[in-house]
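K.L.:
Here's a structure for you.
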Amino acid sequence: EISACLVGSEMCIRDRYGATTLPQEMVFSFSHFLVDLKKSTYAKLWLISWLVTALIAIVALVYIASRSVHDRETPSWHFYYETETFIDYPNFMLSTPNQNLSINAIGCSLGGEPIQSTCDAEHSCLILASKYSATPKNNNLLCYINLAPNTQINRFVQWSIPNSSVYNSNVWLFPNDNVTVFLTPQRKTDRSGHVTVSWLARDQQLTYLDSPDAIVLSVSMNSFTIQHSKEFVDYNGWMALADVGGLAFFAYVVHAFIMFILGRCVFNDAETLGGRGIDDAHYFR
């Protein structure tokens with residue numbers, strides 16, 4: 001009985017050991033697929049369908065990458081308009097390009113409140129107006145400018161906004177003029193959220209004064225409806241990732257459809273692709 005038990009145990013151990021070891025004929029052979037590919041029309045068409053699908057996917061991936069790079073280098077702009085209840089004035093400069101002409105005195109105010117100014121060597125004055133805001137009811141910043149008496153011909157004062165993008169910025173003020181400068185702000189927001197303001201300036205000469213050395217300047221907002229332009233990336237990384245996922249699914253569906261049509265029209269004679277009713281053991285050698 002003990003011998004029979006030992007023999008039975010040995011047989012159980014041997015059978016269990018053999019069950020956990022893959023036989024040699026179950027090792028997949030890629031060479032078998034190559035042989036099948038040479039003699040099987042179905043296998044050739046199967047490979048061609050995959051190559052066509054892969055080619056379409058590569059072209060689509062190149063397009064997705066090029067579009068993503070292009071949109072990052074050349075972003076899009078979204079334009080819209082908003083009506084503001086107030087608009088901050090910019091600091092502006094009054095200067096005399098003619099070094100022989102100087103500004104004797106200057107005084108600016110908004111609604112009766114004086115505005116500070118700093119002058120440099122009597123040839124340029126910076127009006128510190130950025131702390132003040134224009135409203136529809138208080139929209140007239142007045143400056144009285146007195147020039148030193150001079151008999152030269154080139155007697156004019158240039159109005160400008162420093163460190164800002166100003167269109168039509170060459171506003172020239174001549175003695176004995178009563179001039180109004182109309183400002184239109186435009187705000188631009190880049191993709192990082194930084195806001196820059198550019199200005200459109202338009203001047204209008206109203207009347208002549210009866211003083212050859214004085215200039216009256218009025219700075220007003222042309223409109224309280226401001227144009228905003230916001231920079232954005234039309235095609236971002238998440239969109240590209242979604243397109244890649246959709247492309248992979250599309251390629252799978254296209255290949256499955258091609259193989260469905262192929263299975264209906266062409267006899268499957270490829271052993272490695274499950275043809276001729278071969279069981280799973282025929283996939284291995």
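K.L.:
If I filter the range 25-42 down to residues being surrounded by 11 or more Cβ atoms within 10 Å (Cβ to Cβ) and charged (D, E, K, R), which single residue comes out as modelled with the highest pLDDT?
P.N.:
Per the stated criteria, the residue is K39.
K.L.:
Let me ask you something else. Condition test on D213, is it at pLDDT below 85, acidic (D, E) and surrounded by 17 or more Cβ atoms within 10 Å (Cβ to Cβ)?
P.N.:
no
K.L.:
Quick one: in the range 188-210, of everything that is in contact (Cβ under 8 Å) with a residue 40 or more places away in the chain and open to solvent by 90 Å² or more (accessible area, probe 1.4 Å), which residue is nearest to Q227 (Cα to Cα)?
P.N.:
K188
K.L.:
Pull up the range 128-142, narrow it to residues that are among the aliphatic types (A, V, I, L, M) and open to solvent by 40 Å² or more (accessible area, probe 1.4 Å), then point me to the one that is farthest from V181 (Cα to Cα). Quick ask: steps written out before the conclusion?
P.N.:
Step one: list which residues in the range 128-142 are among the aliphatic types (A, V, I, L, M), which gives 128-129, 134, 141-142.
Filter again for open to solvent by 40 Å² or more (accessible area, probe 1.4 Å), leaving 128, 142.
Details: L128: 16, L142: 10 Å.
Of everything passing the filter in the range 128-142, L128 is farthest from V181 (Cα to Cα).
K.L.:
Related question: Sort through A65, A4 and tell me the only one that's over 30 Å from T272 (Cβ atoms), at pLDDT below 80, over 49 Å from the mean Cα position of the chain (by Cα) and open to solvent by less than 90 Å² (accessible area, probe 1.4 Å).
P.N.:
None of the others qualify; the one that does is A4.
K.L.:
Give all pairs with beta carbons closer than 8 Å in which a residue from the range 241-252 that is touching a residue at least 12 places away in the same chain (Cβ under 8 Å) meets a residue that is open to solvent by 70 Å² or more (accessible area, probe 1.4 Å); count only pairs at least 6 apart in sequence or on separate chains.
P.N.:
V244/L61; L247/L61; A251/I56
K.L.:
Which number in (1) at pLDDT 85 or above; (2) among the charged types (D, E, K, R); (3) farther than 30 Å from L110 by Cα marks the one condition that R187 misses?
P.N.:
(3)
K.L.:
In the set V219, V197, which member is assigned to a strand (DSSP E or B) and at pLDDT 90 or above?
P.N.:
Going through V219, V197 in turn, the sole match is V219.
K.L.:
Right, something else. Among the numbered criteria (1) open to solvent by less than 90 Å² (accessible area, probe 1.4 Å); (2) in contact with a strand residue (DSSP E or B) (Cβ under 7 Å, 6 or more places away or on another chain), which single criterion is violated by A57?
P.N.:
Going through the list (1) open to solvent by less than 90 Å² (accessible area, probe 1.4 Å); (2) in contact with a strand residue (DSSP E or B) (Cβ under 7 Å, 6 or more places away or on another chain), A57 breaks only (2).
K.L.:
Which residue is modelled with the lowest pLDDT, if the candidates are limited to the range 130-167 and must be assigned to a loop (DSSP other than H, G, I, E, B) and among the small types (G, A, S)?
P.N.:
S165
K.L.:
When you go through (1) part of a strand (DSSP E or B); (2) of a type outside the set (S, T, N, Q); (3) modelled with pLDDT under 85; (4) farther than 30 Å from L61 by Cα one by one for I226, which number turns out not to apply?
P.N.:
(3)
K.L.:
In the range 76-129, which strands (runs of 3 or more DSSP E) lie fully inside it and hold 3 or more residues that are touching a residue at least 24 places away in the same chain (Cβ under 8 Å)? Write out each step before concluding.
P.N.:
On the way: elements: 76-83, 92-95, 103-110, 113-115, 117-120, 124-127.
By residue number, 76-83, 92-95, 103-110, 124-127.
The values are calculated or read from the model by the stated rules, or taken from the named source; none is laboratory data. All values derive from a computational prediction rather than experimental measurement. Heads up, the Cβs are rebuilt from the backbone with ideal geometry, glycines too, and the neighbour counts pull from every protein chain shown. Heads up: the accessible areas ignore ligands, DNA and RNA and are worked out on the full protein's heavy atoms, side chains in. Shrake-Rupley method; radii C 1.70, N 1.55, O 1.52, S 1.80 Å.
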